[in-house]
Amino acid sequence: MKIGIAREIKPQEGRVALLPRHVRELVDRGHQVFVEHNAGTLSLADDAEYIEAGATISDTAEELYRNAQLIVKVKEILEPEFVYLRSEHIIFTNIHAALDKKQLDVLLASKCLAISAENTHQFGSPNCTLAGEVGALEAIRMTLAQNGGTGRHFMAHFGEAAAKAVVMGLGNVGRGALRTLVPLGIEVVALDIWEGARKSVMMDYHGSKVIVEDIARLEDYVYDADMIINCVLWPKEREDHLIRREMLGRLKKNACIVDISCDTGGAVETSRATSWEDPVYTVDGIRHFCVDNIPGSVPVTASAGYGEALLPKIIEIAEKGAVQAIRDNIWLARGLTCIDGELILQEAGIYQKRDYTPLEQWLGRH
Ligand SMILES: NC(=O)c1ccc[n+]([C@@H]2O[C@H](COP(=O)([O-])OP(=O)(O)OC[C@H]3O[C@@H](n4cnc5c(N)ncnc54)[C@H](O)[C@@H]3O)[C@@H](O)[C@H]2O)c1
């Protein structure tokens, strides 16, 4: 198959979908790989290394999309890329279709086959862990006085307690956040709705000062926190919130919210996605950090993890064809977003109130 690796154009996004070592494996298997000029530069993989691995460099995005059938990316398809989409394309990237009606309209109109990579990870995306680790670091930076924070140190000293963090959601992202916070000495309250996640954190941090509770106890802790870190996977169709706007006025003065999930109107009512160029905004005196591509800030590490996770699925698609690969691999099927103008991804159908074909029904036909 002809596989294309596009250069990311989102601001401050340094990741690339596959590194040269991943490309070599595809080339060794007989596939033709095209890499857009400078796609790997910020991940410390230059064009010469891709050529060495057997790839052909495409000078422009237009050329890449013209040369390749399977287009692999990290972030969603952005407006300047819309014009390149054709019905022959298989698009495999983090689409986040439910929240992006414009992109979904274009994918459907192009009649391409699109797979949302974020839904295909059986063991969680390795980049989610990085998002939690880096996001927590941002929360710590935001507690520093010169950044408008509460000014409480992240370690206990001179009789003063360490800064307090409330972490909501203890999945891949939440546990990443704990990995940054706990060793530094921050007092952490870790909350989740699911007992399994809570038990697993209790085991990991047995003997440490982490308090693990049901999310129902949120209001017992949140008003005393210096930083609140949201890592909940919020169902798109839910209309309620864990942190409602009226609660902001009751939070500790100069506390901050780092919303790693960053769903507009999600678990935090006042959240909307931001970028690394302008990461923080303030509502009712509370600073919100809601960058939606946090791992893009550690591209060297993140690209390695992303490539490892995607490579087996790319091989499956390239060797069987996309439809057969989707039939054979339920994790790929979970990411099927649209094909030939037909919407399959249930969460996008429900959230955008548009017609969709349930996955089981589509699989029954193919
Ligand atoms: N900003 C970024 O750069 C970035 C990067 C990666 C992931 N994310 C986002 O982070 C979020 C979390 O991802 P993840 O991989 O950790 O998901 P996950 O499924 O591993 O974990 C989500 C956790 O949320 C818990 N949860 C669900 N509903 C809850 C509720 N009502 N109250 C409390 N807990 C609840 C679940 O039990 C689970 O433990 C996702 O929305 C993902 O898109 C953002």
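The values are calculated or read from the model by the stated rules, or taken from the named source; none is laboratory data. Source: prediction; values computed, not measured. Here the Cβ is made from the backbone with ideal geometry for all residues, glycine too, and neighbour counts use every protein chain on show. Just the protein is used for accessible areas: all its heavy atoms, side chains included, with ligands, DNA and RNA removed. Shrake-Rupley method; radii C 1.70, N 1.55, O 1.52, S 1.80 Å.
Does L251 fit the bill of being aliphatic (A, V, I, L, M) and either open to solvent by 60 Å² or more (accessible area, probe 1.4 Å) or within 12 Å of the ligand (Cβ to nearest atom) (or both)? The answer is no for L251. Selection within the stretch 158-182: residues that are in a strand (DSSP E or B) and touching a residue at least 24 places away in the same chain (Cβ under 8 Å). The member of this set that is farthest from the ligand (Cβ to nearest atom) is K164. Taking every residue in the stretch 191-202 that is under 18 Å from I228 (Cα atoms) and pairing it with any residue that is charged (D, E, K, R) and near the ligand (Cβ under 6 Å from one of its atoms), at least 6 positions away or on another chain, the pairs with Cβ-Cβ distances below 7 Å are R198/D192.
When residues in the stretch 106-130 are screened for being hydrophobic (A, V, I, L, M, F, W, C), touching a strand residue (DSSP E or B) at 6+ places or on another chain (Cβ under 9 Å) and not in a loop (DSSP other than H, G, I, E, B), 6 of them pass. Picking from residues in the stretch 53-101 that are within 16 Å of the ligand (Cβ to nearest atom) and acidic (D, E), the one that is most open to solvent (accessible area, probe 1.4 Å) is D100.
Among the numbered conditions (1) open to solvent by less than 30 Å² (accessible area, probe 1.4 Å); (2) touching a strand residue (DSSP E or B) at 6+ places or on another chain (Cβ under 9 Å), the only one that D355 does not meet is (1). Screening V283, V258, V268, V291 for residues that are assigned by TED's automatic domain parsing to the domain that holds G169, under 25 Å from N119 (Cβ atoms) and in contact with a Leu (Cβ under 8 Å, 6 or more places away or on another chain) leaves exactly one candidate, V268. Residues that are among the polar types (S, T, N, Q) and either open to solvent by 90 Å² or more (accessible area, probe 1.4 Å) or near the ligand (Cβ under 9 Å from one of its atoms) (or both) do not occur anywhere in the stretch 206-218.
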